[in-house]
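Derivation of every value follows stated rules applied to the coordinates shown; laboratory data play no part. Not measured: the values here are computed from a predicted model. Positions of Cβ are generated from backbone atoms using ideal geometry, with glycine treated the same way; all protein chains shown enter the neighbour counts.
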Amino acid sequence: MIQIEGRHSVTNSQSDVEYRKFTIEEIQEIIKNGGRGMLHTNGKYFINGITYFGSCLSVGEETIPYEKEGKIIVPTYFKRFMLSDGGDGDPEEKVHVEVEVEMNEDVFITLVGA
């Protein structure tokens, strides 16, 4: 079971901040109850086996992360032109992808709400 070091605040103030490790299930529950956040990566992630460099991914109602084979998967959308294998079509069209994040000590979650 993956646990991610993180920070959670219901009100986004310092008075109720909780720092600890969160399971994927806990993160899913916070988001399902109206929370949102950012998954900070180690500087890279993978889409369809291709490495992309980026420091974080939004997580929320439409982008609830889940665990698969020891990795974090974030279903999300990227504009076609941002993807190496975006295929044919309007470059501005949003394409559904599943982003794969390898777990290590650099991954951190910041959550607000719920």
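Just a few scattered comments:
- Residue among Gly70, Met38, Gln28 farthest towards the positive dipole end of the chain, charges placed on Cβ: Met38
- Charged side chains reduced to their Cβ positions (Lys and Arg at +1, Asp and Glu at -1) give the chain a dipole of some 220 debye around its Cα centre.
- Among 35-45, 90-100, the order from most to least packed when residues are scored by Cβ within 10 Å on average: 35-45, 90-100
- Within the chain, percent of DSSP bridges classed antiparallel, to nearest 5: 85
- About the centre of its Cα atoms, region 31-70 shows a dipole size close to 80 debye [charges on the beta carbon of Lys, Arg (+1) and Asp, Glu (-1) only; nearest 20 debye].
- Taking GluC sites (Glu not before Pro) across region 29-75, the ones in a DSSP loop with at most 14 further Cβ atoms lying within 10 angstrom of their Cβ are Glu61, Glu62, Glu69.
- Dividing the helix sum by the residues of the chain, where each DSSP H run of 4 or more adds -39500 (n - 2.57), gives a mean residue ellipticity at 222 nm of -2000 deg cm²/dmol.
- Distant-in-sequence amide H partners of Lys79 (H built 1.01 Å from N, under 5 Å): Val95
- Kirkwood hydrodynamic radius (C-alpha pairs) into Stokes-Einstein, the chain, 20 °C and 1.002 mPa s, D in µm²/s: 146
- Residue-wise HN-Hα coupling along region 64-74, computed from phi with Karplus coefficients 6.51, -1.76, 1.60 (Hz; x: Gly, Pro): 6, x, 9, 9, 8, 6, x, 10, 8, 10, 10
- For region 3-112, lysine pairs with C-alpha atoms less than 20 angstrom apart, excluding pairs fewer than eight positions apart on the same chain, total 8.
- Between Ile50, Ile31, Ile64, the Gaussian network model of the chain with springs among Cα atoms under 10 angstrom shows the greatest mean-square fluctuation at Ile50.
- Under a 5 Å amide H cut-off, with hydrogens placed 1.01 Å from N, Ile2 pairs with Ile24 among residues at least 5 apart or on other chains.
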